[in-house]
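Derivation of every value follows stated rules applied to the coordinates shown; laboratory data play no part. Quick caveat, the model's predicted, so the values are computed rather than measured. We place every Cβ from the backbone using ideal geometry, glycine too, and count neighbours over all the protein chains shown.
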Amino acid sequence: MAGLGTLGNRLYSGEVSYNIVGRRKLWYSVSAVLLILSIATLGIRGLNLGIEFKGGAEFSVPVATATDASIVQARTAVTSTGNTVSSVTIVGGSTVRVQTAALTSEESNKVSAELAKSFGVSESEVKVQLVGPTWGSEVSKNAARALVVFLVLVALFLAMYFEWPMAIAGLVALGHDVLITVGIYALSGFEVTPASVIGFLTILGYSLYDTVVVFDKVKENTKGITSGSRMTYSEAANLALNQTLVRSINTSTVALLPVLSILVVGVSLLGAGTLNDLALALFVGMLVGTYSSIFVATPILAQIKERQPENIALAKRVTAKRKNSPDAVDNLGAVLVGAPIVHAAGPRQQRVKKPRARRSGK
Amino acid sequence: MAKHYRPGRSLVTIALILVGLTIWAFIPGKDHAPKLGLDLRGGTQVILSPKTGDGTAITPEQLTQTVSIIRQRVDGFGVAEAQVTVQGSGSSAKIIVTIPGQTSRTIVDQLKTTAQLNFRPVVAVDYGSPKPTDSPTPTASTSASSAPSGTPSASPAVSASAPPSPTPKPSPSVSVDPALLAPPIQATDLSGNFPDLFAALDCAKSKIADGGVVDDPKKYLISCEKNGSYKYVLAPADLVGTDIQSATAGLPPQGGAGWQVELKMTTEGAKKFATSTQTLSAAKAPQNQFAIVLDGVVVSAPAVNEPILGGSAVITGSFTVDEAKALAQVLKYGALPIGLDVDEVQQISPTLGADQLRAGLIAGGFGLLLVILYLLLYYRALGIVAVFSLMVAAANTYLMFIILGRGIGFTLTLAGIAGAIVAIGITSDSFIIYFERIRDEIREGKRLRTSVDTGWTRARRTILAADFVSILAATVLYFLSVGSVRGFAFTLGLTTLVDVLVAFLFTRAVVTRIANSNWMNSGSAMTGVSPERLGVAKASEVTQ
């Protein structure tokens, strides 16, 4: 912990600086590979949709200990009612879960009675879920609609609170997160249930939440930057990233700990279910979200901003100034070279002056 | 920033809020625990989507009527906390029925059957419950007369469909198997034990008046009036709900006492009604009455004074506005032109529900513990403030769950618990943003007291912006989704609001307060704000 604390100090002062913005090509490549993989897997394998999306019936029978024999037993029981089993799985070691095609409620009553009889449990202990064939498509339709509305609103908010380049960068990072998370689902074959969809939708909020915090610092660091010639927009953005790095790590840890706890407790106590489906989506999404707010959102933002005339001019002035007086290249120059650069010097008092002067103007 | 920030005032405010919520949540005689959703207590949840037969859009009136009929059926199950709610509107409307505790397999069939409205000639009438007084001669509360447009004609023929009454006597001594009195009490003819059943029936004790029973219109039926005042033996239905074209409540054009209901039949219905009323008007009371039976319950039983041939009738009586409107609604939509598609059925045993609740609570507790440990290790004294802030937020949220459970029927589901657990992270992040800002200020060489103030000014913006995005996500999810997604979105939104409240009123105030203490300024590593550990030379602090 103390290590992270000390790193925080050095990151803040600029003593240690990771060149994140400058290495955007590397991050873009990493993301591009992940995105292509995600899209390819989605196209080839598709998602393993739960019965909520396909329609069908699901029966969960509590048993003392579920073994492979239970699977056969369940299959036999269901087949004896004249219905076809689509899958039997053991969940959490103590539940046998049977899925079938869509059943009428009469058929489902027969199946659940037969299962209860076969496993010697009372019929009310059998959890039954019947899903009509249109339900899943409606859930997806609702989710898609929620997604579009949310994106529009959030883009407006970001554009108003920050500026358009930040809105674009934020949304790109968001799309990146959702695509990769869904891709990981396709790749791993985790079942997608309405709870996972909740998870995906939450990632939207979380990913942006994380990005907003970073952008807020970028906004602060780049305020009035074009009137000077000390550092380029990319450098200022990179400094902001470094300064909020400890916060990002802490926030992600604190957000992931409860999610991890849901996963662990959920798996050990319940087996699959709402809690796990949700937590899994969140866990994957939050990891990707933290990554993107640091390595995708800000580099894209810097790239867009660097194309604006005032920032091109700024970059020229900064380069000219550094050429004329090499001494002026302080630690910020290190940003251009590579990372991490650790300076032997202590805290830099000259770094302090600028932000304070800016703040007094507020 | 406030000119003179007074931490004391904020602390008093948050304390008052907490005390207020506690008193509100623990009002004697009310529920003192959050309402649990079905997945946590077991039961049946059915999501139905109403569909018109011809694919036309569902009117809000049809929806309301469908819901009220379903509610009547659900009430028939006798489960106190059963809920019927509508989410969405128009063609995307969903009716969500939640019946806690019940996992009977027949529930779904009973719910999705469309309501049945039957017009049955009355064979016999009696008081709903045994009366000590003499044999009753009840008069129906309403009477039908031909509409002005109707062409009255006197043809006193008694059709074979209304056989002689069994003239039952109110003799409570008759003993029959109570199982035979379970609704619907039906038979193909009036022989056998039918008279005995009628005599033995006590509407006050029977479940008939709860409704929700699907009766066979081709058979005889014994039923009760909705308020249980009268019981009837009813002949097979002459007309069914689909024979009615429209029904409206109105005031009599010539004036007169009370409201009335005007009825218009379809062409087919008019023919049937003509035949029926010809028979009825010729019969003696009570056999000149027809009963309007909805889902097995007698809604009204007007007497027919004359045959009604034109297909329009008026039901008069001393109706109040509401009674007339309610009757018109029943007549108009009694036999719903609406079919119900079953979208999803979930039946969860109470044991599994309890397991899920336990797992949810353990996961939440464990997650909270991990977060607390992390905050304490990293932020030391400030971490303690964060932990207390989390406690205050948790207390607030829990109390809100109780209050909202009572107030707007908010139920805590597994997805909701997951939302709350996720919120631990988002709530803690507000503190992290604030603490990191304070530390940034200290790194710039400021003193703790100043850092706490300037740090807040800067953190506040970030916290608000970030929480706004979170609330935006929760709101959009809440309004554009159905079922468990909503529960999750609601909890997430609520906890984010609580987070803002706690960060503004509690965390900031406490941090400001302790920033004045000598110990916090001592530079001890345990404070979490030691300038030395934050990379500022001790000397620089002294000189400032």
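Okay, here's what the table says:
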| item | result |
| --- | --- |
| Percent RCO, i.e. relative contact order, over the stretch A:56-131, from Cα pairs under 8 Å lying at least 6 residues apart | 45 percent |
| Estimated inter-spin distance, A:Lys323 and A:Arg75, nm [label 7 Å along Cα→Cβ] | 7.6 nm |
| Hz values of 3J(HN,Hα) by residue in the stretch B:375-383 - Karplus curve (6.51, -1.76, 1.60), Gly and Pro given as x | 4, 5, 5, 7, 9, 6, 4, 4, x |
| Relative exposure of B:Phe290, B:Phe319, judged by other C-beta atoms within 10 Å (fewest first) | B:Phe319, B:Phe290 |
| Least to most buried among A:Lys219, B:Lys284, B:Lys219 (fewest other Cβ within 10 Å first) | B:Lys284, B:Lys219, A:Lys219 |
| HN-Hα J in Hz across the stretch A:304-314 - Karplus 6.51, -1.76, 1.60, θ = phi - 60°, x for Gly and Pro | 5, 5, 5, 8, 6, x, 5, 7, 5, 4, 4 |
| Net charge, B:Met526 excluded, C-beta distance under 15 Å - Lys, Arg +1, Asp, Glu -1 | +2 |
| Segment B:Lys271-B:Arg6, length gained on full extension (0.36 nm per residue, minus Cα span) | 87.2 nm |
| Straight-distance crosslink candidates among aspartates and glutamates, where the alpha carbon sits under 19 Å from A:Lys25 and sequence neighbours closer than 8 are dropped | A:Asp177, A:Glu235, A:Glu306 |
| Potential lengthening between A:Thr6 and A:Thr65 on full extension [0.36 nm per residue; Cα-Cα distance subtracted] | 16.2 nm |
| Hull volume in cubic angstrom per residue (convex hull over the Cα atoms of the stretch A:1-110) | 210 Å³ |
| Number of partner chain Cβ atoms within 10 Å, mean per residue of A:146-153 | 4 |
| Under-5 Å amide H pairs with A:Val16, H placed in peptide plane, nonlocal only | A:Leu11 |
| Length added when fully stretched, B:Leu369-B:Thr242, from 0.36 nm per residue minus Cα-Cα | 39.5 nm |
| Label-point separation, B:Ser229 to B:Asp341 (7 Å along Cα→Cβ), nm | 4.3 nm |
| Residues with amide H under 5 Å from that of B:Ser300, placed H, sequence gap 5 or more | B:Ile292 |
| Using θ = phi - 60° and Karplus 6.51 cos²θ - 1.76 cosθ + 1.60, couplings along the stretch A:251-256 (whole Hz; Gly, Pro as x) | 4, 5, 4, 5, 6, 7 |
